[in-house]
Every structure is written in structure tokens, then in C-alpha cells.
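Everything on this sheet refers to the single structure shown next.
The values are calculated or read from the model by the stated rules, or taken from the named source; none is laboratory data. What you see is a predicted model, and the numbers here were worked out from it, not measured in a lab. Counting neighbours? That spans all protein chains shown, and the Cβs are built from the backbone with ideal geometry, glycine included. Surface accessibility is based on the protein's heavy atoms, side chains included, excluding ligands, DNA and RNA. Shrake-Rupley method; radii C 1.70, N 1.55, O 1.52, S 1.80 Å.
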Amino acid sequence: RLEGRIVAERLPLPEVDPRAEAPLGLDRLGLLDAELVLQAARVEPLGGTELQDLSATLHLAQGTLQAEGVKARLAGGTLGGALQLDGTAEPPRLAVTGSLADATIAGPLTGLPLDLSAGLVSLTLDLHAAGHGWAAMGATLEGTLSATVRDGVLVGVDLPAVQAAAGQAELKAAEAGLREALSGGATAFEALTVEAAFSEGRAALTAAALQAEGGVAASATGFLDLARGTLDLRIATVPAPGAPEVAVRLTGPAEAPRRTPELAPFLRWKAERG
């Protein structure tokens, strides 16, 4: 049995490949019982982001590791949570609960075509998974996530340009402007709320709404398959009072999704009004 305190100026962690299929060897957790207080000024890397001022209490007994009272600073925000890893279960089970308050997004968050490049984010999560390796755990991921982002920038669609294009008097000019606005660009927003439910490694949006200046609003539906790196998302907005939605659907690989604009209902509505 091991008891004590670990205090580190810098705590390096190995990179995690979420698609790695190799077993993690969690059966070895049963070789030792321990109770440790952990403190670290810096923890790196964590998805390329550094944790600061980490503190936690680690309990390891009968093959189960628990991290309790986890506190840290992440991107200027406050992180808290707990973790339990049961290496005696078949397959091993992982459970994570956590919250993050007022963390700053200071650049592209994921590097994907649809992304956040700025904002102040707060979130809560409750996730669990089972498997012998990271890939298996990703494919069995279950749970919920709730997030809000304030004063941010959404990359991948230009919603103010959608509204401007919809107001074009000439139908062909309106259609061309809509297609361009839905093919890329960025949208500065005041608030973004997202609710997601995870099942078998897929994150399905149960609610997603964006509010921007000038009355610009949008919603999103669909899912992101974390295990396979694919998505099927639909982003929709009402470009004029009383008009049908204008939308774009993104499907396929998350790194290079196919974009399909959905303009026909709005263009018919606009044509009928001359």
C-alpha cells in the first residue's frame, strides 16, 4: 500500500490516441493500493491545452482508481470533476463527471470546417464508457453534455450574409448569395447553447440554438460519430420574417464534410412574392 503526496511543478502526460485499439492493461491496477494527494502547477499535454493548478485526491483499491475533488484552471476557466476507472470489470469501465466555467476559446477549437474560434465557454458533462482500449471506450461512450458559449465566433457559415442575400430583390442574386454564405465564412454571436446525448459513441444534438446581433438566430440538429469521425448536421435559419427556413446539411467525414444547401422552400416563397 502506498500513501503520500505528489507535488510537481510540471506533470507531463502521454498523448492519447482515441482510435488506438491496443489494450490499456487496466488489470494491473489490482497490483497496488494507494491513497495520494496530487498537486501540479502545470499538466501537459491535454489535447494540446495545458492545465494549471491541478489538485486531486487519488484512491486506488482492489483494482479501482478514483480521482476525487479534481480542481484546476483551464484556459482561464475553472475546472472541477471526478473520475472512476474500474479495472476489475469485464470490460473495464470508466466514468467521468465534470464542469468547466468561463474558459476562453482563443483560437480554432478543433480545426474542423465547422468550428468555434472565439468565445467564453461553460459546460457540464456526465459520461461513461467500457472497453479494454481507447477505441472501444469511444465506441461505447454514453452520457450527456450541456454547454453555453458567450461572445463567440462560429466558423463555417456566415449567417448575417444569409440574411443580406435573402433580401436581394433579384431571385438569382439571392440564390447565389445564399449558397456563398452557407459554404463558409464566420458568424459572430452573442450566445450559443448546446445540449447533447451520447450513445454508442455518437453525440446527438438534443438542442442547439445560436443568437447573434440584428436578430440573427439559428438552430442545429443531427449527430457527430466520435468513434468513426463522421457527422450528419443540419444548420437552419429563418432569413426573413414569415419565410421558410434556409439550411445547410453537412454529412460525411468531419474533416471534410459534404455541404448540401436547402434553399428550395425559401426560393419558392420569395418567387411567389415577386
Single unsatisfied condition, residue 77 versus (1) closer than 22 Å to residue 226 by Cβ; (2) modelled with pLDDT of 95 or more; (3) crowded, with 16+ Cβ neighbours inside 10 Å: (1)
Residue 176 more than 28 Å from residue 78 (Cα to Cα), in a helix (DSSP H, G or I), modelled with pLDDT of 95 or more and over 17 Å from the mean Cα position of the chain (by Cα): yes
Check on residue 96, open to solvent by less than 50 Å² (accessible area, probe 1.4 Å) and out of contact with any Pro (no Cβ under 6 Å at 6 or more places or on another chain): yes
Per-region count, segment 102-117, residues of a type outside the set (A, V, I, L, M), open to solvent by 70 Å² or more (accessible area, probe 1.4 Å) and closer than 23 Å to residue 221 by Cα: 2
Selection count where residues are closer than 30 Å to residue 20 by Cα and under 16 Å from the mean Cα position of the chain (by Cα), scope segment 140-153: 7
Odd one out for residue 162 among (1) in contact with a Lys or Arg (Cβ under 6 Å, 6 or more places away or on another chain); (2) farther than 30 Å from residue 18 by Cβ; (3) of a type in the set (Val, Ile, Thr): (1)
Number of the condition not met by residue 228 [criteria: (1) open to solvent by 50 Å² or more (accessible area, probe 1.4 Å); (2) under 28 Å from residue 269 (Cβ atoms)]: (2)
Residue that is surrounded by the most Cβ atoms within 10 Å (Cβ to Cβ) [pool: residues in segment 239-249 that are of a type outside the set (Gly, Ala, Ser) and not in a strand (DSSP E or B)]: 239
Condition broken by residue 236, with the remaining ones in (1) in a loop (DSSP other than H, G, I, E, B); (2) touching an Asp or Glu at 6+ places or on another chain (Cβ under 9 Å); (3) closer than 15 Å to residue 159 by Cα satisfied: (1)
Candidates 72, 67 - the one that is part of a strand (DSSP E or B), small (Gly, Ala, Ser), modelled with pLDDT of 95 or more and closer than 30 Å to residue 90 by Cα: 67
Within segment 250-274, considering residues that are free of Cβ contacts under 8 Å to residues at least 12 places away in the same chain and part of a loop (DSSP other than H, G, I, E, B), the one surrounded by the fewest Cβ atoms within 10 Å (Cβ to Cβ): 274
